Amino acid sequence: MDKLTQYRKYVQTLLNQYAKDDISNDEIEVQLIFDCDRDHYQWMNVGWQHFTRIYRCILHIDIKNEKIWIQQNLTDQDPAEELVKMGVLREDIILGLHAPYKRPYTDYGVA
């Protein structure tokens, strides 16, 4: 299996694992959005909580140039480390949620 196909599989597996514990009800829907053609992957909460609109991206991951970009993480999980445990090289993980000047000080890629 080529690297891009493997990375897509890892990202989808990770999002499925994380989102399965999220609580969906009649008013708030848990959505997993996998755009495998453009390599955008999101876990969302969408709906209403009483009179408040809920539209929240919990976790957003992109794959660009065969690197996994973590763009958003509102969990207490560490998806970068989970991806490393799955077999992703540290230099192939970019913490896009950090400013570019901070990335060299992480244990991950800088892009």
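Here, each number is a calculation from the coordinates, and none is a lab measurement. Worth saying up front: this structure is predicted, and the values here are computed from it rather than measured. Ideal geometry is used to build each Cβ from the backbone, glycine not excepted, and the neighbour counts take in all protein chains shown.
List the pairs whose first member sits in segment 61-88 and is without any contact (Cβ under 8 Å) to a residue 24 or more places away in the chain, whose second member is in a strand (DSSP E or B), and whose Cβ atoms are under 8 Å apart, counting only residues at least 6 apart or on separate chains?
Leu74/Arg56; Leu74/Cys57; Leu74/Ile58; Leu74/Leu59; Val84/Ile93
With Ile54, Ile61, Ile70 as the choices, which residue is of a type outside the set (Ser, Thr, Tyr), within 21 Å of Gln6 (Cα to Cα) and touching a Phe, Trp or Tyr at 6+ places or on another chain (Cβ under 7 Å)?
Residue meeting the stated conditions: Ile61.
For Lys64, indicate whether it is more than 10 Å from the chain's Cα centre (by Cα) and more than 18 Å from Lys9 (Cβ to Cβ). It would help to see each step written out before you state the result.
On the way: more than 10 Å from the chain's Cα centre (by Cα): yes; more than 18 Å from Lys9 (Cβ to Cβ): no.
Here the answer is no, as Lys64 does not meet what is asked.
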